[in-house]
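The values are calculated or read from the model by the stated rules, or taken from the named source; none is laboratory data. These figures come from a predicted structure and were not determined experimentally. So basically every Cβ, Gly included, is an ideal-geometry build from the backbone, and we count neighbours across all protein chains shown.
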Amino acid sequence: MSQSTPPPLHQGPTAKEKKYDRQLRLWAASGQAALEDAHVLLINSGPGVVGVETLKNLVLPGVGHFTILDSAVVREEDLGVNFFLQEESVGAERAAETCKYLQELNPDVEGHSISEPVEEFIARPDTLTPYSLIIVVAPVVPDVLSKISAHGTATQTPVFYVHNVGFYIHFSLQLPPAFTIVDIHPEPEALVDLRLYKPWKELLVNAKKWTWRMENMSDHQHGHIPYVFLLLHYLMEWERTHDGKPPRTYKEKTEFRELIRSGIRTSNPEGGEENFDEAIGAVLKSLNEPTLSSTVKEVFNSPECEDLTEDSPNFWLIAHAVSQFHTKHQTLPLPGAIPDMKAVSADYAFLQGLYKTKAREEADEVLHSVRALEKSLERPNPILAAEVDAFCKQAAHIRLIRGRPIPVISPNEGVAWGERAKAAVNALTDESSLILLHIAFLTFDAFYAQRAAEGKARVPGDGADVEDDERLLTGLAQDIGTNLLTQAERELDEEDADSVKTRLGNICAELTRAGGAELHNIAALGGGLVAQEVIKAITRQYVPIDNTCLFDGVRSLSSVLLL
Amino acid sequence: MGRRTYYQRAFGLPLAEQIRDSRVLLVGAGGIGCELLKNLTLSGFGDVTVVDLDTIDLSNLNRQFLFRREHIKKSKALIAKESAGKFNPEVKITALHDDIKSLQFDVNWFRGFTVIFNALDNLDARRHVNRMCIAANVPLVESGTTGFEGNVQAIKRGITECYDCTQKETPKTFPVCTIRSTPSQLIHCIVWAKSYLLTELFGVSEAMEALAADTEGDADEIKNLKGEAELLRQVVSHRDSDNFSKEVFTRVFSEDIKRLRDMKDMWKSRAPPTPLPSEFGEQEKLPEDGGDALTQQDQRIWSPWESYVAFDNSIRRLQKRFLDGETVIEFDKDDVDTLDFVVASANLRAHVFGIKPQSKFTIKQMAGNIIPAIATTNAIVAGLCVLEGLKVLRGDIHKAPMVFTNRSADKSLSAERVVRPPNRDCHVCSVARMLLFIYPKTATLGLLVKDVLIRELGYSDFSVMNGSGIIYERDSNFGEEDDEEWEDNLNKTFGQFGLKEMRFITIHDLSEDEPRVDLELAVVTRENFSFSIELQEQVEIPKRPVPPVSAHGMTNGATNGITNDAANGATNGITNGPSNGSANKRKRDLDDDDGENGAPVKRTKDMDLVDDGQNQAPVIRTKGIVLDEPILDDTHNGAIFIDDD
């Protein structure tokens, strides 16, 4: 069969590549593969719109599998707010109905549904094992959330916890305790390192060669010395009069720029030289100490980087090797890319070759260390050289995020703020922070947990007496606030305390008024925000939010808090 | 419990009713449009009109969720209505598969809407809708996304900035000579391949016209280019020959380059190009499949030899299509034959000029002006659009500053601190406005000038501009002679000028003594009108404010150049100059040097963005940092984000 039908000619990219073209330009084939390998579990509750809208934004770009766990039955009022339900859905299982309509969005995706109360689902052993990422939509009881959170920590599975009530959105993102990123997609310029402070021998030799007797060069030659060589030439000149030290301070760099400027020829027809202008322009940008950024230091200093085991993720093995490289050479491996510059094509190609060769050598050195580590750890599967190369190219931008468990409120013990308490208190008096909304949602969960414990689970405002609920919620919220101050060992002055009280009261009133209802538009916006972070977590590209996002649709205001 | 229970409780009944009774226009049913249509119908809006000229493409399906595979090539507007309406029978959706710039959508038509949402993919249509909304005085919610980044801006005449109050990035235009003789970047080679070489070989030749219009280039160089174009035409006459590919190759990569290299003056300050030998293609045997397999490899950069193979391979495919009767083949990023040809030719040319080549994947993006687009950003932006729309309905537009979203981890959304007020130098929103009724067959420019402008409005020295430039000028300083130049135009009717060109007419006051601000006449045609031309009503035209120090030295040199425009009209080019249209239009003003010259107006916080303390506009804070610096002239972060088709 395959022999008798040759592939069609000139179909260009495959249909799949064409369909996903616009996103492949953001996260490339590697990100797409990660997305297609993922299986996302949505634990849906409440009106259930934000969860479904989140899935929509994952199904469209082609997540591999999704499963909806939802025990609700579709009601008439769901139709006015949930796009993925139809008249005929009323009375049917919401998990199956929403799954069906989501599935229609993309035939490449496999959807599954489970119609079962979450308490029963979660009670079975290994029930969460198949899923690579879990999204929990409030309200759920604290016990369930704690179990899922613990599972996430133990299995390195990202967990999202989402509230969407009225005009308000909240989501917390629990990343694994060591979430590492190689490709944060920095600006292309950020990937350039000319290593001017620590030039290697060959670069220096060539710089001397290319600037030898500059004054005797023709205008054409002089105006086409690649600026990297110019910078190195003037650095050597500078160091001769500055005890062998390069310009470090802003003032010195300004003087250094003047030194370069003094070499420009103005007698030529152009009355100046572009390559010199480029050199001057690059001084502040490219003449930098080869210091490690704090994010890279954090990676090198973390225990995972030190204490390698047979099962260490590839990232840590390579990080260890790069860290060794840095200890030995006091610099990160050379990325190898150089910017465009004024030069004769052949000269530019030569310079490019110099940097590429050096980058290749250094990546090989790192690869060599990686192989040695693999051997000593007796790891059976060697890491691909391409992965090591990619790491070396982006070594200055690698990132480690320490995921923290989702803060779960227990009806009896309140919230344990721990080391987050002080920062949270500081945010209390900051009117542009949405910390109070976070507190209000914690209270919302406590309210729900209390009712659930009495066997009458409901959210505030979803009952007979809205005013009673509002009073109760506000009271609870204030207790949480007071408790936070106690944990942080702080007090507020009267004016601040009054202001916090009023603002918290207003939020609680608005939250109660919504009665747990979702507005489609806010749910859709929330679905966009959550799915954006889900994609970052799955592809391990770009930097996800760390770790709590709040949105107030009344004021079109958002906050990201580290809690 | 009905469908509307939830939102009535959240919005309150008065706003809920206002939402239900409003008439919404949604311009565009693409990435943002699909999301918006869903959100609007599920937010209780009762009457939505959606306009889109586009049809559905496979590459839309990763985000435009109202469409399925079976809808490919069908009208976006009609399918969007069908898909969204199915879920919400209570909403009246009107779908128009049409160009929003059609004449039928005149100012009066725009006036019929309560609020208008732009969900467009190109600058031109955005500017048009903006102008119509300003003229009709209807609030506009403008939005755009590119990749993880997006923005939303509410616009209302007299209260906020309009879309044209700040400079927008327009498609980059390159001087002819950069493209044809002295490329220094790969994009120059790509534009050469798709806009010159492909067009000359298989499209409608434009080379002579472009050269005739070039006023900047060196005379010798132009002469050389004309000669080149002539020689290429001789090659083109052999399109049926088996030797065609080789002839083209020899012409453009060998002989043209040799001649160019020998023009020594050109290479005093740049490296001369290296011609390829005409027997370049004989160095190796062509692969057995003629290069079919090679051209599928779009991720890696082809070697010069491989580019040659792809060049030969693609030119043969195009040649076959030509011989099969396709008379005009134009570049389309989704037409793989044209794409392969452009990739191969651009890379060969890059090789000749010592420029770094790129992979097919990358060149496709550059040549097709492809802008990354994902569902998540569209969902966020559409949600923000509706929130801004609600502010508009509540009369809170002064509390709706621009909102941005981006990929950054420490903030998910950011908003400007205050609403930016109109730019008083804006040629779209800071003008006086009147409505002009005309009967196109009898209304002449002469009647407009003599009856309306001179007699009725009291103008003496002034110029009249339509969509394509100045059509009349009267300046007593230059005497009668100056008038004669325009005499012919006076007898032309509006119909003869073209009604699209005459949709807006701008009157620029040239009197030296206290000139008035520009007057914009929005033209509405009336069939069977008993008069030829009539103003709806006269409004006072204020005096022009004393100009601030004007920006000198602005050049519009790019107007005769070659634009890297894509078939889909997307714009992601980078330039700070005004678009061609406005450059022409403002030419007179530039000469006048009167400070209203449409030059980029750098506004400072002190001048225009004063927080008066009364404005309760949102301040977004991220990890304790207030984003109180408004984003000004920041092409990276702000001014425009657009384009999701």
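The conditions are (1) of a type outside the set (Gly, Ala, Ser); (2) in contact (Cβ under 8 Å) with a residue 40 or more places away in the chain; (3) surrounded by fewer than 21 Cβ atoms within 10 Å (Cβ to Cβ); (4) within 12 Å of another protein chain (Cβ to nearest Cβ), and B:ASP124 fails exactly one of them. Which is it?
(4)
Report yes if A:VAL63 is assigned to a loop (DSSP other than H, G, I, E, B), aliphatic (A, V, I, L, M) and within 23 Å of the chain's Cα centre (by Cα), otherwise no. First the steps, then the outcome.
On the way: assigned to a loop (DSSP other than H, G, I, E, B): yes; aliphatic (A, V, I, L, M): yes; within 23 Å of the chain's Cα centre (by Cα): yes.
It is true that A:VAL63 is assigned to a loop (DSSP other than H, G, I, E, B), aliphatic (A, V, I, L, M) and within 23 Å of the chain's Cα centre (by Cα).
Select from the stretch B:344-364 the residues that are within 11 Å of chain A (Cβ to nearest Cβ) and under 30 Å from the mean Cα position of the chain (by Cα) and list them in ascending order. I'd like the intermediate steps shown before the answer.
Keep residues of the stretch B:344-364 that are within 11 Å of chain A (Cβ to nearest Cβ), which gives B:350-356, B:360-362, B:364.
Within the stretch B:344-364, B:ALA350, B:ILE355, B:LYS356, B:LYS360, B:PHE361, B:THR362, B:LYS364 qualify.
Check A:PHE276, A:PHE256, A:PHE315, A:PHE325 and return the single one that is assigned to a helix (DSSP H, G or I), among the hydrophobic types (A, V, I, L, M, F, W, C) and touching a Ser or Thr at 6+ places or on another chain (Cβ under 6 Å). First the steps, then the outcome.
On the way: A:PHE276 fails: touching a Ser or Thr at 6+ places or on another chain (Cβ under 6 Å); A:PHE256 fails: touching a Ser or Thr at 6+ places or on another chain (Cβ under 6 Å); A:PHE325 fails: touching a Ser or Thr at 6+ places or on another chain (Cβ under 6 Å).
When all the criteria are applied, what remains is A:PHE315.
Would you check which residues across the stretch B:4-20 are modelled with pLDDT under 80 and not aliphatic (A, V, I, L, M) and list them? Even if it seems obvious, please write down each step before you answer.
Going through the stretch B:4-20, the residues modelled with pLDDT under 80 turn out to be B:4-13.
If the condition is that a residue be modelled with pLDDT under 80 and not aliphatic (A, V, I, L, M), then B:ARG4, B:THR5, B:TYR6, B:TYR7, B:GLN8, B:ARG9, B:PHE11, B:GLY12 are the ones that fit.
Considering every residue within the stretch A:466-489, establish whether at least one is within 13 Å of chain B (Cβ to nearest Cβ), crowded, with 23+ Cβ neighbours inside 10 Å and farther than 23 Å from A:VAL63 by Cα.
Step one: filter the stretch A:466-489 for residues within 13 Å of chain B (Cβ to nearest Cβ), giving A:466.
From the residues that got through so far, the ones that are crowded, with 23+ Cβ neighbours inside 10 Å too are none.
No; the residues of the stretch A:466-489 include none that is within 13 Å of chain B (Cβ to nearest Cβ), crowded, with 23+ Cβ neighbours inside 10 Å and farther than 23 Å from A:VAL63 by Cα.
Name the residue that is modelled with the lowest pLDDT, counting only residues in the stretch B:21-68 that are among the polar types (S, T, N, Q) and either part of a loop (DSSP other than H, G, I, E, B) or more than 19 Å from B:SER143 (Cα to Cα) (or both). Show your work before the answer.
Quick first cut of the stretch B:21-68, residues among the polar types (S, T, N, Q) only: B:22, B:39, B:41, B:43, B:49, B:55, B:59-60, B:62, B:64.
Cutting the leftovers down to either part of a loop (DSSP other than H, G, I, E, B) or more than 19 Å from B:SER143 (Cα to Cα) (or both) gives us B:22, B:43, B:55, B:59, B:62, B:64.
Details: B:SER22: 96, B:SER43: 90, B:THR55: 92, B:SER59: 87, B:ASN62: 90, B:GLN64: 94.
Only one residue tops the list, namely B:SER59.
Return the pair list, or none, for Cβ contacts closer than 7 Å from residues in the stretch A:387-405 that are over 12 Å from A:LEU191 (Cα atoms) to residues that are acidic (Asp, Glu), at least 6 apart or on different chains.
Listed by first residue and then by second, the contacts come to A:LEU400/A:GLU298; A:ILE401/A:ASP546.
Among the candidates A:LYS100, A:LYS18, which residue alone is more than 27 Å from the chain's Cα centre (by Cα), assigned to a helix (DSSP H, G or I), free of Cβ contacts under 8 Å to residues at least 60 places away in the same chain and more than 29 Å from A:GLY461 (Cα to Cα)?
Values: A:LYS18 fails: more than 27 Å from the chain's Cα centre (by Cα).
Only one candidate qualifies: A:LYS100.
Taking the condition buried (at least 21 other Cβ atoms within 10 Å of the Cβ) and in contact with a Leu (Cβ under 8 Å, 6 or more places away or on another chain), does B:LEU453 pass? It would help to see each step written out before you state the result.
Numbers: buried (at least 21 other Cβ atoms within 10 Å of the Cβ): yes; in contact with a Leu (Cβ under 8 Å, 6 or more places away or on another chain): no.
Answer is no for this residue.
Please go through the stretch B:394-435 and pick out each residue that is within 13 Å of another protein chain (Cβ to nearest Cβ) and either closer than 25 Å to B:PRO14 by Cβ or under 24 Å from the mean Cα position of the chain (by Cα) (or both).
B:ARG394, B:ASP396, B:ILE397, B:LYS399, B:ALA400, B:PRO401, B:MET402, B:VAL403, B:PHE404, B:THR405, B:ASN406, B:VAL419
For the stretch A:440-456, how many residues are closer than 15 Å to A:LEU504 by Cα and surrounded by fewer than 24 Cβ atoms within 10 Å (Cβ to Cβ)? Steps first, answer last, please.
Initially, the stretch A:440-456 is screened for residues closer than 15 Å to A:LEU504 by Cα, giving A:440-444.
Right, trim to surrounded by fewer than 24 Cβ atoms within 10 Å (Cβ to Cβ) and you get A:442.
Going through the stretch A:440-456 one residue at a time, the tally reaches 1.
Given the residues A:ASP143, A:ASP78, which is the only one that is among the acidic types (Asp, Glu) and either farther than 28 Å from B:LEU42 by Cα or in a loop (DSSP other than H, G, I, E, B) (or both)? Spell out how you get there, then give the answer.
Values: A:ASP78 fails: either farther than 28 Å from B:LEU42 by Cα or in a loop (DSSP other than H, G, I, E, B) (or both).
From the options A:ASP143, A:ASP78, the qualifying one is A:ASP143.
Let me spell it out: the conditions are (1) more than 39 Å from the chain's Cα centre (by Cα); (2) surrounded by 13 or more Cβ atoms within 10 Å (Cβ to Cβ); (3) within 14 Å of chain B (Cβ to nearest Cβ), and A:PRO226 meets all of them except one. Which number is the exception?
(1)
Being part of a loop (DSSP other than H, G, I, E, B) and at pLDDT 95 or above is the filter here; which residues of the stretch A:281-306 pass it? Break it down into steps so the answer makes sense when it comes.
Restricting attention to the stretch A:281-306, the residues satisfying the condition of being part of a loop (DSSP other than H, G, I, E, B) are A:287-293, A:302.
Correct list: A:SER302 only.
Does A:GLN32 satisfy the criteria of being polar (S, T, N, Q), buried (at least 24 other Cβ atoms within 10 Å of the Cβ) and in a helix (DSSP H, G or I)? Outline the logic, then answer.
Working: polar (S, T, N, Q): yes; buried (at least 24 other Cβ atoms within 10 Å of the Cβ): no; in a helix (DSSP H, G or I): yes.
Against the criterion (polar (S, T, N, Q), buried (at least 24 other Cβ atoms within 10 Å of the Cβ) and in a helix (DSSP H, G or I)), A:GLN32 does not qualify.
Table: residues versus (1) at pLDDT 90 or above; (2) surrounded by fewer than 19 Cβ atoms within 10 Å (Cβ to Cβ).
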| position | (1), (2) |
| --- | --- |
| B:GLY227 | no, yes |
| B:SER237 | no, yes |
| B:ASP265 | no, yes |
| B:PRO272 | no, yes |
| B:GLU284 | no, yes |
| B:ILE301 | yes, yes |
| B:LEU318 | yes, no |
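Out of the residues in the stretch B:161-180 that are crowded, with 24+ Cβ neighbours inside 10 Å and either out of contact with any Ser or Thr (no Cβ under 9 Å at 6 or more places or on another chain) or within 14 Å of chain A (Cβ to nearest Cβ) (or both), state the one that is modelled with the lowest pLDDT.
By that ranking, first place goes to B:ARG180.
Quick one: in the stretch A:526-563, which of the residues that are more than 7 Å from every other protein chain (Cβ to nearest Cβ) and small (Gly, Ala, Ser) is nearest to the chain's Cα centre (by Cα)?
Per the criteria, the residue is A:ALA537.
Can you name the condition, by its number, that B:ALA84 falls short on among (1) out of contact with any Ser or Thr (no Cβ under 9 Å at 6 or more places or on another chain); (2) assigned to a helix (DSSP H, G or I)?
(1)
Of the residues A:ALA509, A:ALA523, only one is without any contact (Cβ under 8 Å) to a residue 60 or more places away in the chain, assigned to a helix (DSSP H, G or I) and within 14 Å of chain B (Cβ to nearest Cβ); which?
On the way: A:ALA523 fails: without any contact (Cβ under 8 Å) to a residue 60 or more places away in the chain.
Exactly one residue qualifies, and that residue is A:ALA509.
Please report, ordered by residue number, the helices (runs of 4 or more DSSP H) entirely within the stretch B:326-409 with at least 2 residues that are buried (at least 19 other Cβ atoms within 10 Å of the Cβ) and of a type in the set (Gly, Ala, Ser).
Counting at least 2 such residues, we get B:336-352, B:375-393.
Between B:GLY158, B:GLY150, which is modelled with pLDDT under 95 and surrounded by 24 or more Cβ atoms within 10 Å (Cβ to Cβ)? Give the steps one after another, and end with the answer.
Details: B:GLY158 fails: surrounded by 24 or more Cβ atoms within 10 Å (Cβ to Cβ).
When all the criteria are applied, what remains is B:GLY150.
Collect the residues in the stretch B:452-463 that are out of contact with any helix residue (DSSP H, G or I) (no Cβ under 7 Å at 6 or more places or on another chain) and in a strand (DSSP E or B), keeping them in residue-number order.
Listed by number, the list is empty, since nothing qualifies.
Quick check: is even one residue across the stretch B:110-118 within 23 Å of the chain's Cα centre (by Cα) and over 25 Å from A:VAL81 (Cα atoms)? Give the steps one after another, and end with the answer.
Filtering the stretch B:110-118 down to residues within 23 Å of the chain's Cα centre (by Cα) leaves B:110, B:115-118.
Narrowing further to those that are over 25 Å from A:VAL81 (Cα atoms): B:110.
Yes, because at least one residue in the stretch B:110-118 is within 23 Å of the chain's Cα centre (by Cα) and over 25 Å from A:VAL81 (Cα atoms).
Would you please list the contacts, defined by Cβ atoms under 6 Å and residues six or more apart or on different chains, that run from a residue in the stretch A:318-335 that is within 15 Å of A:HIS368 (Cβ to Cβ) to a residue that is hydroxyl-bearing (Ser, Thr, Tyr)?
Within 6 Å, the pairs are A:ALA321/A:SER369; A:GLN324/A:SER369.
Conditions tested, residue by residue: (1) of a type in the set (D, E, K, R); (2) outside any strand (DSSP E or B); (3) more than 14 Å from chain B (Cβ to nearest Cβ).
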{"site": "A:THR153", "(1), (2), (3)": "no, yes, yes"}
{"site": "A:VAL162", "(1), (2), (3)": "no, no, no"}
{"site": "A:PRO177", "(1), (2), (3)": "no, yes, yes"}
{"site": "A:HIS185", "(1), (2), (3)": "no, yes, no"}
{"site": "A:LEU194", "(1), (2), (3)": "no, yes, yes"}
{"site": "A:GLU202", "(1), (2), (3)": "yes, yes, yes"}
